[in-house]
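Visitor: Sharing a structure, written as structure tokens. Questions coming.
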Amino acid sequence: MSAARFALLRGLAVLVAAAALSGCVVRLIGVKASETLSAAILNQSDPELVGSGMPAYLLILDGLISQHPENPGLLSAGAQLFALYGSRFATAEHAVTLTDKARRYGQKSLCLVHEPACRWGTADYDGLVADLKNVDIKSIGPLYSYAVGWLSNLQATSSDWTAVAELPWVQAVLERTLELDESYQHGAVHGYLGILDSLRPPALGGQPDVAKQHFERAIELSQGRDLSIKVEYARRYARLVFDQELHDRLLNEVLSASVESPGYTLFNVLAKQEAAILLATSKEYF
């Protein structure tokens, strides 16, 4: 049995054991189960293995959540893992369903630790922004999961103008997460904000200079170990401002780097694949 498959099965065994425990113990193990799942998946170097193995995890996690629907840790795990599978491995049609569940799990997780969030779905934008100031550092995990689930669903439904109109809302959630702890998840929040700030050119209200700052800070906080940040920096910012020198330098750095890095290996393998494609079209684009 390969080491990668063993790690996946080990994570699966942890979840099965958790399902057999009493409710109070599961509440304590929720975060640990989330960490075990994330490590088992993110440390793989074989995307095909992850793509074929993740549905089993998702089914078990669904079962745990149905038995313990008031567990923020399990719900946060569900939000992030359904978002990951929906955005990286599912077909476009299936991604809508999977990321919708990610969004719902993230919303419920946050609702359990910050009761006013239960009404954010009917609040106006100003009301959301005002209440975000009341979310404290103890709720940063559910807040981050809420943003990731929401953003993955918006990506899956981006052809829907209603979804596009919600981008400022999820950006506000990410900005509050950043205010609470910019180093959370090793700067991943900066990476997401860099993408959002570079979706539009300056003439249409985009903020490429702000996006650049976010990408640079994300690279710094992750110590350059998250190669996907450099790919998004090249794809989103360098192409937006037509900076071929920066574009090619970032992508060549990705291609020459090692993919092995705890917590980033899977994304780094995918990043290398994307970097090769982007670099091959560089002359054509610029």
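Values quoted throughout were computed directly from the atomic coordinates according to the rules given, and no laboratory measurement underlies them. All values derive from a computational prediction rather than experimental measurement. Note: ideal-geometry Cβ built from the backbone for every residue, glycine included; neighbour counts use all protein chains shown.
Visitor: Could you let me know the centre-to-centre spacing of the stretch 169-189 and the stretch 247-272, using Cα atoms, in angstrom?
Guide: 23 Å
Visitor: Under a cut-off of 18 Å between alpha-carbon atoms, report the aspartates and glutamates in cross-link reach of residue 133, not counting same-chain residues fewer than 8 places apart.
Guide: Leaving aside aspartates and glutamates fewer than 8 places away in the same chain, those within reach of residue 133 are 115, 124, 175, 179, 181, 182.
Visitor: Let me spell out the model: positive unit charges on the Cβ of Lys and Arg, negative unit charges on the Cβ of Asp and Glu, origin at the Cα centre of the stretch 182-286. What dipole size does that give, in debye rounded to 20?
Guide: The dipole of the stretch 182-286 has a size of about 180 debye.
Visitor: At a Cα cut-off below 26 Å, give the lysines reachable from residue 138, other chains included and same-chain residues fewer than 8 away excluded.
Guide: 32, 101, 108
Visitor: Moving on to the next point. Between residue 67 and residue 203, what's the calculated FRET efficiency when r is the beta-carbon distance and R0 is 51 Å? Round to 0.05.
Guide: With a Förster radius of 51 Å, E is 0.45.
Visitor: Something else: Give the average over all directions of the projected area of the C-alpha convex hull of the stretch 129-174, one decimal, in nm².
Guide: Mean projected area of the Cα convex hull: 3.1 nm².
Visitor: Placing +1 at every Lys and Arg Cβ and -1 at every Asp and Glu Cβ, with all other atoms neutral, what dipole size does the chain have around its Cα centre, in debye to the nearest 20?
Guide: 580 debye
Visitor: While we're here: Out of every Cα pair in the stretch 182-286, what percent are spaced more than 23 Å from each other?
Guide: 21 percent
Visitor: Still on this model: If r is the Cβ-Cβ distance from residue 182 to residue 92 and R0 is 30 Å, what FRET efficiency results, to the nearest 0.05?
Guide: 0.35
Visitor: Where Rh is the Kirkwood radius over the Cα pairs of the chain, the temperature 37 °C and the viscosity 0.692 mPa s, what D in µm²/s does Stokes-Einstein return?
Guide: Here the translational diffusion coefficient equals 168 µm²/s.
Visitor: By per-residue mean of other Cβ atoms within 10 Å, what is the highest-first order of 137-148, 90-101, 208-219?
Guide: Answer by packing, highest mean first, reads 137-148, 208-219, 90-101.
Visitor: Suppose only helical runs count, i.e. DSSP H with n ≥ 4. What mean residue ellipticity at 222 nm does that imply for the chain under -39500 (n - 2.57) per run, divided by all residues and rounded to the nearest 500 deg cm²/dmol?
Guide: Theoretical 222 nm ellipticity from helices: -23000 deg cm²/dmol.
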